[in-house]
Every structure is written in C-alpha cells, then in structure tokens.
C-alpha cells in the first residue's frame, strides 16, 4: 500500500501527456493491487504446506491422518456442523490456518465429541460432503487414535483412585451421562466421581459405553429379534476401543494400564476427562484405527 | 441478447460501448435535440430537487433493513437455536432447504472436483433465486461487507470533500483477472484460496460464530477504501460480484433509465458503486428513450433514490410495471 501512495503526485498540465501519465499510473497501481491481493491470498497456502493446519476434525471428515486436502477443499466454511453439535465441540479455524480458515476442528481437551447426538448430526448437516455421509455410526468414524502420552501422569498406572470433579469446578465441558439425562449432556463439573482406581478414560469412552449397553440389552433377552440383529451389527461397535490391563504389582498396589484397542475412533473423550494436567492420554491425529499398521 | 453481451463486457471490465450516431433511435434523437434547443430551467430543477430530497433514502432504508434482517436471521437462528436459517452466507439451510452461495459453491467444486447432491440442490436454489432477483442484488442487499463498505465510503467521501484523501482508480479489468486466477488456483492447488481472503465469508462467520483475527484483514481492506481507493474491494477485487453479475444478466429485475425528464446533471453517477453502468445518463448517449442498466449494477437503488426527476426506476422486464 505504501508503494502505491508514492505515485500520488499532481499530474502534468498538457492533456494528452496527462492522460498517458494517468494511464501509466493506473496500470502500475493495478499491477501492485494484483500482486498484493494474490500475494496475501497465496500466503494462505503456507500453513497447509507446512502441515500446521492439521487438527482433530469432526467425525466423517474426508481425510487420512496426514492428508487433509480433500477435507479442506470440499468444506464450504459455513459452520452448519458447529450449529448442530449438542456439546458445542466443533469450532471454526481462524485466519492463522490460511486456506483452512473457517474449517471445523475439535479441541478435545476443551470439549471432545462424545457422540451424544447419536446420529452424527454434523455429518448430516454438512452440505458438501466434507463430512462424508459414508459413515452411519460413531464406531465408523476415524478421527484419530488415542495414546498414553504421559504414562507417569496416569493415575491408574500409579495405582491411584480419583475423587471429586474430573476437571475441577470451573471446567465448562459437557458430557452425556445416560443415567442422569439420556437426551441432554450436562457439565462435567456437575458430576463428581469417587473411584477406587481411576478408570475415567475407560468408563467415559463412548464406544465402551455403547458396547456395554448393547451387551445389557442382549442379556435382558430382547424380544424383538430384528432389533437384536440390528444392535449386533454396526450400531453396536464391533470392536472394543480401550481396556485396562493389570501390570506390575510387586509392591502390593493394584495397578492398571489403559490399552488402546482397534475400536478406538479418536473422539477425544478420554483426553477430555483425564484429570492430570497435562493429560496422560491424548489423541494422536496422525494415526487412526485403519492406518495403525502403516504408521507404527 | 445485446443486453447480455453489453452486461458481460461491463462485468469483465470494459468501458461501456460508445454508440454510433446512427444507432440512436429517431425517438431518442428527437428528445436529445429537444433538450439541446430548450435548456432546462435551473430554478425549477432546484425546486424539484429539494422536493425530492425528503424521499431520497427510501430504497436505501429498505435495502439496509433487508440486509440487516437476513444477516441477523443467521445470528438469531444460531443464538436461540431456532433452526430458521442455519449456517453462514457461504452455505445455509432455510427451514431445512439447502442454499449455497454461488461463488463459494463454484470454488469448492473447482477445488474438490465433485458435487454432492445437497450442494447441487443448494446451488440450483440460489441460482434461480438470484436470476429472479437480479444477480448482483446479492451484493448490495445481502452481503454484510457491503454495508461496512458503504459506511467506509461515506467516511472516504467526507475526507475527500475536505481534500484530505483522494480516490485512486484501478483498471476494472483486474477483477476479471482475479476471477480467472482464483478459479485456476482452486482447480490447480485443490484449495479454495479465495475463501481465505473473502471479506464476505469472514464477516458473515464473525457475525454468527463470534469475531476472530480474520477481522483485522477486513479492517485493513476498509482502511484501504477509506484512505486510498473508494469501494476498492467491490469494484476491483471481489469475484463474488462477477459470479452474481453473470447470473443477473439473465434477470428480469433491472434498473431502467428513462430519457425524457433526465437533466443529465450526473448525481446518479456520483453515488453509484459501478458508475460505468450509468453511462447512458450522460447527455446525448442514450440510444433509446428507455435503456436498461447493465448487469454489473447491484440494484442498490442509490441512483433511484438520488434522481430528482424519477428518470431511473426499478423495473421487472416483461411485467411492464414499475415498482
């Protein structure tokens, strides 16, 4: 802009020469404008090229762990997914993500997707297929893959229990607790725990909760055979996502280690609910259940 | 057909075509000659002008009200979760019906090279809507940046009046260049490059989802318009204007120039965002007694508001009825 304002000198008197001069200046100004606007917009490619735009995305995002190109290009940046999410997990990226501006992402530690909408509302809301309709159930999504990043922070590995509010009284995140309200998520800060051994990551895992519900329904011996068949299929997650494994124990303390299994979809609830700071368990966005073998 | 061709020429940055003397219809010529022989009574004109001044914000008020209502509908819909108009201007759902901004849909399609059914439905809906309503009508009646830019423009005009700033023009063809480059970039890189800097998208999302750092860019563009070049974004950069302009070339809703009572004093061209479309209001240039304003016109109605003799009017082609 400063370069352009220098050309702002009074024009010459002679009419034809003045016109020529005016045209010349307009041409220079226009060239500067073209270069400036194109330059600024191309800077938007940098965060993508550098891989800084990678993030935890909503379920069904059209991406592989390390390649978000299709997702970024197909997203129309309207935020309809943001509007339908019952726990407000989805946010829109800022200008610092360059061409990823306005694209939805999830900060799991702040508010993870707990699938409390059941029907993948964000996927249904997406007008462009950036969140692909190819998946029908939470268990089909591949957002990332949990990993125990800070084993020494893990209360279960230390053999410790947990009593109180998982994330303290000021935490604003929401989760659905079926026994309290089947339809509406409530603040995590309103739900105190008292656990002999901390198992929050396993206990709150949406996939594990669903599997338990399916098992309970089956145990009750549901009358409707079709319904049972349906639950046995995709609606009931086919694989476990996380489990506890006992280990050590020479000191007589009961210790458990969280182990991430093939059914993990990377929703981030474990990262959200993990009490220590930083959390012992986090979502690795560079991996997912389908890409585990190749990556590890 | 000539209307569409002339609309495209002006949309893509050419100056209005200078009509040959022979093209001027006998009726129009008679009016031109009559005006030459009978100069207007200046005092009578001033009286008419003052009488008109009371009425001079009619279309502006309607337009601002429409623009605010549409944008607030997005905000209210999300804030109170009433699901009336979900999404943002780039794509939305009105009571469940898909709608997609034509330029955003085009960028996404070029980048992604695939269109899901919902996007086809949304794009088609909006296409039909703006064919009926005038194409670039989107710019002045819906785009939230347009309103900010209008306010920046009044600051610019105030400062220019004081002699503190000067309007620097650019070659209007550069907007077509931007259009082409952004389309090619989307196609080649596979990313919607324009969306990064689209002030329309940024302002719309900021209104609905809360402000962010992207508003600094919007602020810079506004400052550029205030201090350096009047309405620069809409006039010289924004590809959305071209997309809707092309749609508008098919639209029956236009502004019409009626030669008979025009005093050719040029107030309309002074207020206009795209003054080249009003070239026929220059003395002796109108080829017919009634001429339609080309599709680069945003149908904002400022010329209709400012014209003291009602020589510029909204019309719906084919209905033959003035609004």
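The values are calculated or read from the model by the stated rules, or taken from the named source; none is laboratory data. Bear in mind that the values here come from a model prediction, so they are computed numbers and not experimental data. Glycine also receives a Cβ, built like all others from the backbone with ideal geometry; neighbour counts cover every protein chain displayed.
If I filter the stretch B:246-258 for residues that are surrounded by fewer than 22 Cβ atoms within 10 Å (Cβ to Cβ), in contact (Cβ under 8 Å) with a residue 24 or more places away in the chain, away from chain A (no Cβ under 11 Å) and part of a helix (DSSP H, G or I), do I get at least one hit?
There is at least one residue in the stretch B:246-258 that is surrounded by fewer than 22 Cβ atoms within 10 Å (Cβ to Cβ), in contact (Cβ under 8 Å) with a residue 24 or more places away in the chain, away from chain A (no Cβ under 11 Å) and part of a helix (DSSP H, G or I).
Working only within the stretch A:82-102, note down all residues that are closer than 26 Å to residue A:44 by Cβ, assigned to a loop (DSSP other than H, G, I, E, B) and in contact with a strand residue (DSSP E or B) (Cβ under 7 Å, 6 or more places away or on another chain).
A:89, A:93, A:102
One line per residue, one yes/no per condition, for (1) under 30 Å from residue A:86 (Cβ atoms); (2) over 22 Å from the mean Cα position of the chain (by Cα); (3) outside the structural domain of residue B:35 (by TED's automatic domain parsing):
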| residue | (1), (2), (3) |
| --- | --- |
| B:52 | no, yes, no |
| B:77 | yes, yes, yes |
| B:82 | yes, yes, yes |
| B:86 | yes, yes, yes |
| B:94 | yes, yes, yes |
| B:98 | yes, yes, yes |
| B:105 | yes, no, yes |
| B:109 | no, yes, yes |
| B:114 | yes, yes, yes |
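Take residue B:238 and tell me if it is surrounded by 19 or more Cβ atoms within 10 Å (Cβ to Cβ) and in the same structural domain as residue B:195 (by TED's automatic domain parsing).
yes
Out of the stretch A:72-89, which residues are more than 7 Å from chain B (Cβ to nearest Cβ) and crowded, with 24+ Cβ neighbours inside 10 Å?
A:75, A:81, A:89
Name the residue, out of B:277, B:293, that is surrounded by 22 or more Cβ atoms within 10 Å (Cβ to Cβ) and under 14 Å from residue B:172 (Cβ atoms).
Among B:277, B:293, only B:277 is surrounded by 22 or more Cβ atoms within 10 Å (Cβ to Cβ) and under 14 Å from residue B:172 (Cβ atoms).
Applying the selection to the stretch B:73-84, what residues are more than 9 Å from every other protein chain (Cβ to nearest Cβ), assigned to a helix (DSSP H, G or I) and free of Cβ contacts under 8 Å to residues at least 24 places away in the same chain?
Answer for the stretch B:73-84, where residues must be more than 9 Å from every other protein chain (Cβ to nearest Cβ), assigned to a helix (DSSP H, G or I) and free of Cβ contacts under 8 Å to residues at least 24 places away in the same chain: B:73, B:76, B:79.
In the stretch A:40-61, what residues are within 13 Å of chain B (Cβ to nearest Cβ) and more than 13 Å from the chain's Cα centre (by Cα)?
A:40, A:41, A:42, A:43, A:44, A:45, A:46, A:47, A:48, A:49 - these are the residues of the stretch A:40-61 that are within 13 Å of chain B (Cβ to nearest Cβ) and more than 13 Å from the chain's Cα centre (by Cα).
For residue A:24, only one of the following conditions fails: (1) over 30 Å from residue A:91 (Cα atoms); (2) at pLDDT 90 or above; (3) more than 11 Å from chain B (Cβ to nearest Cβ); (4) in contact with a helix residue (DSSP H, G or I) (Cβ under 9 Å, 6 or more places away or on another chain). What is its number?
Of (1) over 30 Å from residue A:91 (Cα atoms); (2) at pLDDT 90 or above; (3) more than 11 Å from chain B (Cβ to nearest Cβ); (4) in contact with a helix residue (DSSP H, G or I) (Cβ under 9 Å, 6 or more places away or on another chain), only one is false for residue A:24: (4).
Just give me the residues in the stretch B:85-102 being in contact with a helix residue (DSSP H, G or I) (Cβ under 8 Å, 6 or more places away or on another chain), more than 9 Å from chain A (Cβ to nearest Cβ) and over 20 Å from residue B:207 (Cα atoms), in sequence order.
Passing the criteria: B:97, B:102.
Yes or no: the stretch A:178-189 includes at least one residue that is more than 20 Å from the chain's Cα centre (by Cα), surrounded by 13 or more Cβ atoms within 10 Å (Cβ to Cβ) and not in a helix (DSSP H, G or I).
no
Which of (1) farther than 24 Å from residue B:288 by Cα; (2) within 25 Å of the chain's Cα centre (by Cα); (3) surrounded by 11 or more Cβ atoms within 10 Å (Cβ to Cβ) does residue B:11 not meet, given it meets every other one?
With (1) farther than 24 Å from residue B:288 by Cα; (2) within 25 Å of the chain's Cα centre (by Cα); (3) surrounded by 11 or more Cβ atoms within 10 Å (Cβ to Cβ) applied to residue B:11, the lone miss is (1).
Considering each residue of the stretch B:135-153, count those that are without any contact (Cβ under 8 Å) to a residue 40 or more places away in the chain and buried (at least 18 other Cβ atoms within 10 Å of the Cβ), and give that number.
So the answer is 1.
Name the single residue that is nearest to the chain's Cα centre (by Cα) among those in the stretch B:172-219 being more than 21 Å from residue B:114 (Cβ to Cβ), at the interface with another protein chain (Cβ under 10 Å from one of its Cβ atoms) and not in a helix (DSSP H, G or I).
Among those that are more than 21 Å from residue B:114 (Cβ to Cβ), at the interface with another protein chain (Cβ under 10 Å from one of its Cβ atoms) and not in a helix (DSSP H, G or I), it is B:172.
Inside the stretch A:106-119, can you point out the residues that are under 11 Å from the mean Cα position of the chain (by Cα) and buried (at least 20 other Cβ atoms within 10 Å of the Cβ)?
A:106, A:108, A:111, A:112, A:113, A:114
Check B:119, B:132 and return the single one that is surrounded by fewer than 19 Cβ atoms within 10 Å (Cβ to Cβ), in a helix (DSSP H, G or I) and either away from chain A (no Cβ under 14 Å) or free of Cβ contacts under 8 Å to residues at least 40 places away in the same chain (or both).
B:132
Can you say whether residue B:277 is part of a strand (DSSP E or B) and not assigned by TED's automatic domain parsing to the domain that holds residue B:238, as far as the supplied structure shows?
Criteria not met by residue B:277.
Output the residues belonging to the stretch A:103-148 that are in a loop (DSSP other than H, G, I, E, B), within 14 Å of chain B (Cβ to nearest Cβ) and more than 28 Å from residue A:46 (Cα to Cα).
A:117, A:133, A:134
Would you mind telling me which numbered condition in (1) modelled with pLDDT of 95 or more; (2) within 11 Å of chain A (Cβ to nearest Cβ) residue B:169 fails?
So the condition that residue B:169 fails would be (1).
Kindly evaluate residue B:36 against the criterion of being over 19 Å from residue B:208 (Cβ atoms) and outside the structural domain of residue B:205 (by TED's automatic domain parsing).
It is true that residue B:36 is over 19 Å from residue B:208 (Cβ atoms) and outside the structural domain of residue B:205 (by TED's automatic domain parsing).
Read through the list (1) over 24 Å from residue B:165 (Cα atoms); (2) touching a residue at least 40 places away in the same chain (Cβ under 8 Å); (3) away from chain A (no Cβ under 14 Å), then give the number of the only condition that residue B:267 fails.
(1)
Could you identify the single residue in A:156, A:166 that is surrounded by 17 or more Cβ atoms within 10 Å (Cβ to Cβ) and either within 14 Å of chain B (Cβ to nearest Cβ) or touching a helix residue (DSSP H, G or I) at 6+ places or on another chain (Cβ under 6 Å) (or both)?
A:166
Is it true that residue B:290 is at pLDDT below 95 and within 22 Å of residue B:151 (Cα to Cα)?
no
Filter the stretch A:234-253 for residues that are surrounded by 12 or more Cβ atoms within 10 Å (Cβ to Cβ) and in a loop (DSSP other than H, G, I, E, B) and give the result.
A:236, A:237, A:238, A:239, A:240, A:241, A:248
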